[in-house]
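Working notes, beginning with the structure itself.
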Amino acid sequence: MDITEELREIVGERLSVSSSELYCYSSDASQVKGLPDYVVRPESTEEVSRIVKLAFEHEIPVTARGAGTGLAGGAVPVKGGIVLDLSGMNRLLEIDLDNLQVVVEPGVIQDALNDALKPYGFFFPPNPGSSAMCTIGGMIAYNASGMRCVKYGTTRNYVRDLEVVLADGTVIHTGSKMLKSAAGYDLTQLMIGSEGTLGIVTKAGLKIAPLPKARKLVIAAFENAELAGKAVIKIFSNGVVPSACEILDRVSLQVLKRYDPNLVLPAEGDVILFEVDGTETSAREAAEQVMEVCSPLALTIKLAESEKEMADIWAARKLVGAAVSRLDPTKTRIYVGEDVGVPMKQIPKLLRRVQEIAEEFDLPAMKYGHIGDGNLHLALFIDVLNPDEWDRLNKAADKVHRTAIELGGTVSSEHGVGAARGKYMEAQWGPAFEVMRTIKKALDPKGILNPGKLGL
Amino acid sequence: MKNEKTKLENEAAGAKKQAEMKAKAETEYEKTAAKTETEKEKLEIKPFEVDRRSVYKCVQCGTCRSVCPVFETVGWESANTRGRMLIIKSLLEGREPSEDVLPSLATCTTCGICAAKCPAGANPPEVVEEARSELVRLGITTEGQEKLRSTITISGNSFGESRDRLHWLPDGERSKLPEKSDYVYFVGCFDSYRYPEFAKKTFEVLQHFGVTLLPDEHCCASPLLRTGFKPDAEKIMGHNLEQIRKVGAHTVITGCAGCYTTLKNNYPGNLRVISLPEFLAEHLGDLKFKRLDLTVTYHDPCHLGRHNGVYDAPREVIKAICELKEMKNIRENSRCCGGGGGVRIGYPDISLKLAKKRIEDVPEGVDYLVTSCPLCVRNLRDAAGDIEVIDIIELVAMALE
């Protein structure tokens, strides 16, 4: 029996080898490309296990995929083989409020999980900009986070247990509903952020948090990004931990205003959005404190008046990355060098260096991101029909990555390494990277799990 | 494994290749244009081409995955907007067009919810229609598409009916129709042949305002345009325009959302086109509605709402008659009934699933699900169970009794 027939035996009609279908799975939201030979949409752990076992026997690469919203090519099958589209495994298996936990399949969509938890007064805090379509499986594989992780932490802080299919098809559990364990290596943490190179997650037990009763949003505009950075450091030193702390440089501000002219945003400057949450009283007090600390540094300070004003600003902020074309229809935002991070103190320096790099390569740049945790999203935009602009773009991105490493930071804070940033792993990790290689070899001796990623 | 097959493409090289291909395509075209007529016919297989800028607006972020109703039902990436855009990109970049693009490109209902949500401002339904038209040119079509085309071009309507289009008009009325009028009622295929009672009721209202009918109306050409048959559509549009000119009308009124968007956005010249709910809302003062003790809900047809922003007029009319209780997803966020874009004819199972999903949005305790498009009525009725689906003109007729 050939591979196609064997796969069909496992998943039936949920297998495709149509050239058009394969093409649709040859990329994600990044610039990485690679055609698979087969796409399958399994619907159970058993199916995944059988597929991986088959791949193990025939030494066929297997690349897991959720919604394909990744920005580093993590879900792109750069060595061909089988793509496992897990987005159909989307059942919310258990809501265990007494243990503050849920059990989900990997294809559950982040927003869908939160919609289901809302009536109970709970939420799953990590919230990437793509929460409307990204899957929990993808979030675990790339240790996704988002705007609220400055207070709530990243996906890593919310996973209690994983069901994982290993390279030979064996199914294991890496944890339990226990809050703590002192028995052996923490395989849950090893799997998180491993980008499908060590195993395929087929179920996840997640911690959830009670929804805050109140949220307040302070919008402060500054003369320049360095002053904005200073304000952030002062806020933290004053003991306020914002539930979000986002910077929008002046270009991002204009893009947002173009996207929705009704947003209550300052007219100019580099803007910081400080969100604080808690009870009505504690949130109000924190907001007042933020305003007080900002006042000697800011051009303007404003407290969002209503829930709707807040919701509109956050909704627009989530889409800012892709909204650049609104400013200039001939320009498209290309996701490269878009996720570097540095220690908080280095943020003003990073902002300055990134601006210099954009100017050096004569590329319009938009800078926004989670300034509260040192994560800067750089958006470079080009005319995609101009090969010279592509060339300058790639050079600029390379320089941005190297700058982040120089400043003691990381090439990726939350989007992952995938195939786009593998070449920086050695530089960022030194001898520690060899340990990663050893782990990979031990768990995936035939190298079939998402080959070509993480620089491995 | 196929390691010899280099799968990692260099983007810069890719873009360069595109630019070269485009230049090549242009020279090819110029060369071809210079040939003699017969040679030209032989050589003129211009490669697949659509407006590149509108395709490259898509940054592949995947936001459309959260809204595309066909994707939700089918599950394959190719059935999502992003997949469609990718496939179109691949054809632009030289992948040979073949029938295997059809399950992707022919299943878009052109509902436009992806365009409404797209952060990059892409307009995928427009791109898909353009791509369909290119595929038609290259001879790649579904059976359903071909059937639709021959039906409409032969019979002048989308049902292959040979009956007189005005068969619903009471005897003796036809001779009384004003030959000239500023206003003409464009009936559409659906109301002419499937819901003649809608046509009758609509005309009864419009007649009071001096509105007339076209002596020889044909299909508005919407189904042809949505499925890529531009040249055929142009012929039929020419015929209708000629008819409108004969009557001397400056304004066309229609009760069908498909006819409305087509007359308004695809017909050449500057026809003034008003939808029936807009006309009714404008004339609320003249219409003596009696208040009905009913609670209804309203489904926004995609081609009336999202494509043309007509959200308030139908609601004003309904509220002038009875209580309105909104559906779960409304206005810009309204879900497609599943009928448009040739999907009802080509992929009835997908179409029905979409209709069923839409029916789930109906709130508790309503007497009717009202809409303002006969295609939506038809598709939703198939899925409605014990919920009664009516056109807005039926509600109006009840209030005028």
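Computed from the coordinates by the stated procedures, all read-outs in this text should not be read as laboratory data. Just so it is clear, the structure is predicted and the values come from calculations on it, not from any experiment. Note that we place each Cβ from the backbone using ideal geometry, even for glycine, and neighbour counts take in every protein chain shown.
In this structure the amide hydrogen of B:Ile253, modeled in the peptide plane, comes within under 5 Å of the amide hydrogens of B:Val184, B:Tyr185, B:Phe186, B:Ile274, none closer than 5 places in sequence on its chain.
Between A:Asp328 and A:Asp391, what is 0.36 nm times their sequence separation minus the Cα-Cα distance? Round to one decimal in nm. Provide the component values of the computation, followed by the final result.
Numbers: separation 63, 0.36 × 63 = 22.68 nm, distance 2.00 nm.
Full extension from A:Asp328 to A:Asp391 adds 20.7 nm.
As a proxy for reagent exposure, A:Ser306, B:Ser175 were ordered by neighbouring Cβ count within 10 angstrom, fewest first; the result is B:Ser175, A:Ser306. Plugging the Kirkwood radius over Cα pairs into Stokes-Einstein for segment A:50-204, at a temperature of 4 °C and a viscosity of 1.567 mPa s, what D comes out in µm²/s? Here the translational diffusion coefficient equals 82 µm²/s. Peptide packing for A:118-129, A:134-145 was compared via the average number of neighbouring C-beta atoms within 10 Å per residue; ordered from the highest value, the list is A:134-145, A:118-129.
Along each principal axis, taking the top coordinate minus the bottom one, the Cα set of segment B:133-221 gives 48, 24, 19 Å in descending order.
Helix B:348-359 and the long axis of chain B differ in direction by around 50°, with both axes built from C-alpha atoms.
Cα extents for segment A:299-444 along the principal axes, largest to smallest and rounded to whole angstrom: 54, 38, 31.
Computed over chain A, the P(r) curve from all C-alpha pair distances, binned at 20 Å from the origin, holds 25, 56, 19, 0 percent per bin.
Relative to the current alpha-carbon distance between B:Arg174 and B:Glu204, full extension at 0.36 nm per residue lengthens the span by 9.5 nm. Between the amide H of B:Cys220 and those of B:Cys189, distances stay under 5 Å, these residues lying 5 or more places away or on another chain, with hydrogens modeled in the peptide plane. A simple spin-label model places the labels of A:Ile439 and B:Lys288 8.2 nm from each other, with each point 7 Å out along Cα-to-Cβ. If I model segment A:328-414 as equal point scatterers sitting on the Cα atoms and use the Debye formula, what is log10 I(q)/I(0) at q = 0.12, 0.26 Å⁻¹? Here the Debye-derived log intensity ratios amount to -0.31, -1.28.
Based solely on its DSSP helices, what 222 nm [θ] is calculated for chain B when runs of n ≥ 4 H residues each add -39,500 (n - 2.57) and the sum is averaged over all residues, nearest 500 deg cm²/dmol? It lands at -13500 deg cm²/dmol. Angle of helix B:196-207 to the longest C-alpha principal axis of chain B, folded into 0 to 90 degrees and rounded to 10: 70°.
Report the net charge of residues surrounding A:Thr279, where surrounding means a beta-carbon distance below 10 angstrom and charges are Lys +1, Arg +1, Asp -1, Glu -1. Please list the in-between numbers first.
Details: positive: A:Lys213, A:Arg284; negative: A:Asp277, A:Glu280, A:Glu285.
Net local charge, A:Thr279 excluded: -1.
When the charge dipole of chain B is built from unit charges on Cβ atoms (+1 for Lys and Arg, -1 for Asp and Glu) and taken about the Cα centre, the candidate among B:Val184, B:Tyr56, B:Cys322 whose Cα reaches farthest toward its positive end is B:Tyr56. Evaluating 6.51 cos²θ - 1.76 cosθ + 1.60 at θ = phi - 60° for every residue in segment B:381-388, the Karplus couplings come out as 4, 4, 10, 7, x, 8, 7, 8 Hz, glycine and proline recorded as x.
The average projected area of chain B, computed from the convex hull of its Cα atoms over all directions, is 23.0 nm².
Highest average first, the peptides A:222-230, A:183-191, A:317-325 ordered by how many other beta carbon atoms sit within 10 Å of their residues are A:317-325, A:222-230, A:183-191. 3J(HN,Hα) along segment B:67-73, derived from phi through the Karplus expression 6.51 cos²θ - 1.76 cosθ + 1.60 where θ = phi - 60°, amounts to 10, 4, x, 6, 4, 4, 7 Hz, with x in place of Gly and Pro.
Kindly work out what percent of the DSSP beta bridges joining two residues of segment A:328-414 are antiparallel, to the nearest 5. It would help to have the intermediate numbers written out before the result.
Numbers: 11 of 11 bridges.
In segment A:328-414, approximately 100 percent of DSSP beta bridges are antiparallel ones.
For chain A, what is the calculated [θ] at 222 nm in deg cm²/dmol (nearest 500), taking -39500 (n - 2.57) for each run of four or more DSSP H residues and dividing by its residue count? Present the calculation step by step, with values, prior to reporting the outcome.
Details: 15 runs with 154 residues, N = 456.
Result for chain A, helices only: -10000 deg cm²/dmol.
Each peptide in A:280-289, A:67-76, B:51-60 gets a packing score, the mean of other Cβ atoms within 10 Å over its residues, and the list from highest to lowest is A:67-76, B:51-60, A:280-289. Taken one residue at a time, the phi angles of segment A:396-412 give Karplus couplings (6.51, -1.76, 1.60, θ = phi - 60°) of 4, 4, 4, 5, 5, 4, 5, 5, 4, 4, 4, 7, x, x, 10, 6, 9 Hz. Gly and Pro are set to x. With only Cα atoms counted, segment B:166-281 has Rg and Dmax values of 13.3, 40 Å. Cβ-Cβ distance of A:Gln355 and A:Trp429, R₀ of 22 Å, FRET efficiency by 1/(1 + (r/R0)^6): the value works out to about 0.20.
Rg then Dmax, both in Å and based on the Cα atoms of segment B:286-400: 13.6, 44.
For B:Glu388, nonlocal amide neighbours, meaning residues 5 or more places apart or on other chains whose placed amide H falls under 5 Å from its own, are B:Leu369. Measuring nothing but how far apart in sequence close Cα pairs (under 8 Å, 6+ apart) lie, relative to its length, chain B scores a relative contact order of 15 percent. The value of relative contact order for chain A, using C-alpha pairs under 8 Å at least six residues apart, is 16 percent.
Report the net charge of residues surrounding A:Gly70, where surrounding means a beta-carbon distance below 10 angstrom and charges are Lys +1, Arg +1, Asp -1, Glu -1. If you can, show how the numbers build up before the last one.
On the way: positive: A:Arg65; negative: A:Asp28, A:Glu195.
Charge balance in the 10 Å sphere: -1.
Compute the length gained on full extension between A:Ser282 and A:Glu223: take 0.36 nm times their separation in residues and subtract their Cα-Cα distance, giving the result in nm to one decimal. Present the calculation step by step, with values, prior to reporting the outcome.
On the way: separation 59, 0.36 × 59 = 21.24 nm, distance 2.93 nm.
The span from A:Ser282 to A:Glu223 would gain 18.3 nm if fully extended.
With the simple spin-label model, which puts each label point 7 Å out from Cα in the Cβ direction, the B:Lys147 to A:Val17 separation comes to 3.0 nm. For the protein assembly as shown, the antiparallel share of DSSP beta bridges with both residues in that region comes to about 65%. Looking at segment A:1-140, the DSSP beta bridges with both ends there are about 50 percent antiparallel. For chain A, the longest principal axis of the C-alpha atoms and the axis of helix A:280-294 are separated by about 60°. The local environment of B:Leu400, defined by Cβ-Cβ distances under 10 Å, has a net charge of +1 under the rule Lys, Arg +1 and Asp, Glu -1.
Report, as an integer, the average count of C-beta atoms from other chains found within 10 Å of each Cβ along B:58-70.
Details: counts 3, 12, 10, 13, 12, 9, 1, 10, 9, 2, 0, 0, 0.
If you average over the peptide's residues, the count of other-chain Cβ atoms is 6.
Comparing B:Gly255, B:Gly83, B:Gly365 in a Gaussian network model of chain B, where Cα atoms under 10 Å apart are tied by springs, the biggest mean-square fluctuation is seen for B:Gly365. Pair-distance distribution of the protein assembly as shown: all C-alpha pairs, bin width 20 Å, starting at 0; shares per bin in whole percent are 14, 42, 34, 9, 0. Modelled spin-label separation between A:Ser176 and A:Tyr120, with each label point placed 7 Å from Cα along the Cα-to-Cβ direction: 2.1 nm.
If you take the Cα centroid of segment B:174-206 and the Cα centroid of segment A:125-201, the two points sit 63 Å apart.
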